[in-house]
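The values are calculated or read from the model by the stated rules, or taken from the named source; none is laboratory data. Just so it is clear, the structure is predicted and the values come from calculations on it, not from any experiment. Because the Cβ atoms are built from the backbone with ideal geometry, glycine has one as well, and the counts that use them run over all protein chains shown. With ligands, DNA and RNA removed, areas are computed over all heavy atoms of the protein, side chains included. Shrake-Rupley method; radii C 1.70, N 1.55, O 1.52, S 1.80 Å.
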Amino acid sequence: MRRVSRNPALAVVLVGGALAISAWAAENPIASKGQGLVAIGGCQGCHTANSGAPFAGGRAFETPFGTIYSTNITSDRDHGIGGWTEADFERAMTRGTGPGGKRYYPVFPYPHYALASREDIAAIWTYLRTIPAAATEAPPNHLLPPFNVRSLLAGWEALYLHPKAPEESGLDVQARRGAELIAGLGHCGACHTPHNRVGAEDAARPLTGAMAEGWYAPPLQGDSPAPAPWTAEDLETYLRTGLSDHHQAAAGPMGAVTAELAQAPESEVRDMAIYLSGLMSQAKHPAPVDQAQAAERTHPEGAQLYAGACASCHDVGSAMLRIGRPSLAVGTPLHEDRATDVIMIILKGLKSPEGKAGPDMPPFANSFTDDEVTELSAYLRARFSREPAWKDIQSAVRAARKGVT
Ligand code: HEC
Ligand code: HEC
Ligand code: HEC
């Protein structure tokens, strides 16, 4: 594409061509279906670097294999996938193998995309063809031996690539579509399912909760520790907006997921919500509690920090509670089996979805020492839950600090 800038006449022709293509995308029903599916697949978030062109790649991922960069999937012929055939694309999405037999690392969630229907993959391909070419090359990967040898991934695949479709018996049409999207394009298990040391998901324990990007993605089935039940209605609103009336706002990587799902078709998100509420229907919900005095006696330092830095927003009578945002007692994080999410929220704060007015919490990473974050977390747990105290909060704080600068 660099040639273009030296030839203004050709540039005009190409720009004109690009406009014609995107207008065509808006009118082509298959391309616009593909656009909605791309929002469910989260392709843009992973394939766009900070302030980079959309879908032009270059975002870094820390994995058990080393640092891997997402690639350029625009229609650029030299740097993107403009020279691919539809068959090349389908093979990449379902087998994790590119043209010439190049094997992909499973940070590209193709083990999930393998469960998508052929029609959905074809629609995504049609949409991707309409994305303007960007002549950006992704930085080279930094991989640890032996993982730098891509062909060894064939062994990984033979061991672990057995995509398992969810159990569908007894589900109605909507829940079946929801199950297919959650396990397939939505790749929710990439974060919510436990992984082994080489990055493969434990197929026997889908959606039972796992660490993801330094956060904890909680269980989304019968083990869900949420105090308030997740109804299909709550889930639909949460997935589309990052907020629901009875649950805490989506934080960390889940905020990014909901920002993309906001662009997905309502009916598809509703189907996912219907299926997920069924999966979570067996959860036991701990009753919300507020044991302020007892917690203050056992954790005086945490109580003091809370009174000074948090109560103005989170306590009874605060503006936030008066506008109907839930109290800390009903949020899931304080009921999880580890302190990770509470620590991450204290360190990083919480941003309302981009471009929207919504709940905002300032980051406290520079205000508190590790000991203070530890005391505060222990106090919140004692005050707002009846579950056992968290063990070794201190190491969780140290681990969280590494990812927060
Ligand atoms: C969690 C992050 C993530 C998501 C979500 C994701 N990708 Fe990727 N993708 C990657 C990474 C990282 C690579 C590079 C893998 C490698 O180098 O082995 C990649 C590689 C690819 C490739 C191979 C490109 C090439 O040049 O060889 C294609 C095609 C692709 N992704 C398409 C998609 C599509 C379509 C979606 C959405 C349905 C998607 N990806 C979602 C991270 C992601
Ligand atoms: C990139 C990682 C990632 C992906 C992908 C992801 N999640 Fe999450 N999710 C998280 C994390 C981390 C949290 C906890 C953060 C918080 O408490 O806000 C979370 C929280 C949630 C919650 C709130 C649960 C509760 O009880 O509070 C729901 C519901 C949820 N995710 C559903 C989904 C669905 C459905 C998908 C797939 C469409 C999905 N997630 C994909 C990381 C992810
Ligand atoms: C300026 C107001 C503000 C301050 C100060 C503040 N927060 Fe928050 N906090 C918020 C908002 C807004 C949310 C998102 C609430 C929602 O809508 O779900 C939130 C969410 C949270 C959550 C996740 C939700 C849940 O139920 O678990 C935790 C934990 C939390 N805050 C802890 C703290 C702690 C600890 C402090 C003090 C160090 C603090 N906050 C200070 C505004 C604030």
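Compute the distance from the alpha-carbon center of region 219-259 to that of region 368-405, in whole Å.
23 Å
Kindly report the accessible area of the chain per residue (heavy atoms of protein chains, probe 1.4 Å, no ligands, DNA or RNA), in Å². Don't skip to the answer; put the middle values down first.
On the way: 20460 Å² over 405 residues.
Here the per-residue accessible area is 51 Å².
Calculate how steeply helix 300-309 sits against the longest principal axis of the alpha-carbon atoms of the chain, using the helix alpha-carbon long axis, and give the answer as 0 to 90 degrees to the nearest 10.
60 degrees
Just in region 257-303: which trypsin sites (Lys or Arg not before Pro) are loop by DSSP and have at most 11 other Cβ atoms within 10 Å? Spell out each step's value before the answer.
Details: sites: ARG270, LYS284, ARG297; in loops: LYS284.
Here the trypsin sites (Lys or Arg not before Pro) that fit, given the DSSP loop and packing criteria, are LYS284.
Less than 20 Å apart at the alpha-carbon level, and either on another chain or at least 8 residues along: which aspartates and glutamates does that give for LYS391?
Result set, ordered by chain and number: ASP223, GLU296, GLU301, GLU336, ASP337, ASP341, ASP370, ASP371, GLU372, GLU375.
Tell me the Kirkwood radius of region 183-279: reciprocal of the mean inverse pair distance over distinct alpha-carbon atoms, in Å.
13.7 Å
Starting from the Cα of LYS102, draw a straight line to each of the lysines and keep only those under 25 Å, dropping any in the same chain fewer than 8 residues away.
Those lysines meeting the cut-off are LYS164.
Going 7 Å from the Cα of ARG95 along its beta-carbon direction, which residues of region 150-182 have the amide nitrogen within less than 20 Å of the resulting point?
150-165
Any aspartates and glutamates with Cα under 14 Å of the LYS351 Cα? List them, leaving off those in the same chain fewer than 8 positions away.
ASP360
I'd like the FRET efficiency for ALA49 and MET320, computed as 1/(1 + (r/R0)^6) with the beta carbon distance as r and R0 of 25 Å, rounded to 0.05. Walk me through the numbers on the way to the answer.
On the way: r = 34 Å, r/R0 = 1.37.
Computed FRET efficiency for ALA49 and MET320: 0.15.
Treating the angle as unsigned and between 0 and 90°, give the value, to the nearest 10°, between the Cα long axis of helix 232-241 and the longest Cα principal axis of the chain.
Helix 232-241 and the main axis of the chain meet at about 70 degrees.
Could you sort LEU239, LEU328 by accessible area so the largest value comes first, with the probe set to 1.4 Å?
Working: LEU239 15, LEU328 45 Å².
Output order, biggest surface exposure first: LEU328, LEU239.
How far is helix 173-183 tilted, in degrees, relative to the longest principal axis of the Cα atoms in the chain, given as a value from 0 to 90 rounded to the nearest 10?
That works out to roughly 90 degrees.
Once you put a point 7 Å from the Cα of ASP245 and another 7 Å from the Cα of VAL173, both along the Cβ direction, what distance in nm separates them?
About 3.0 nm, to one decimal.
Calculate what fraction, in whole %, of the accessible area of the chain sits on carbon and sulfur atoms when a 1.4 Å probe is rolled over the protein chains. Present the calculation step by step, with values, prior to reporting the outcome.
On the way: 11610 of 20460 Å².
That fraction is 57 percent.
Counting only DSSP beta bridges with both residues in the chain, tell me the antiparallel percent, nearest 5.
On the way: 13 of 14 bridges.
In the chain, DSSP labels about 95 percent of beta bridges as antiparallel.
Give me the extension gain from GLN304 to ALA122: residue separation times 0.36 nm, minus the current Cα-Cα distance, reported in nm with one decimal. Walk me through the numbers before you get to the answer.
Details: separation 182, 0.36 × 182 = 65.52 nm, distance 5.75 nm.
Answer, rounded to one decimal: 59.8 nm.
Once you have the Cα-Cα distance between GLU86 and LEU143, take 0.36 nm times their residue separation minus that, and quote the gain in nm to one decimal.
Details: separation 57, 0.36 × 57 = 20.52 nm, distance 2.92 nm.
Extra length available between GLU86 and LEU143 comes to 17.6 nm.
When a/c is below 1.5 the answer is rounded, else prolate if a/b is larger than b/c, else oblate, so apply that to the chain with a ≥ b ≥ c taken from the square roots of the Cα gyration tensor eigenvalues.
Details: a/c = 1.78, a/b = 1.72, b/c = 1.04.
Verdict is prolate for the chain.
Calculate the dipole size of region 28-131 relative to its Cα centre from +1 charges on Lys and Arg beta carbons and -1 charges on Asp and Glu beta carbons; express the result in debye to the nearest 20.
Values: 9 positive and 8 negative charges, 22 e Å.
Rounded to the nearest 20 debye, it is 100 debye.
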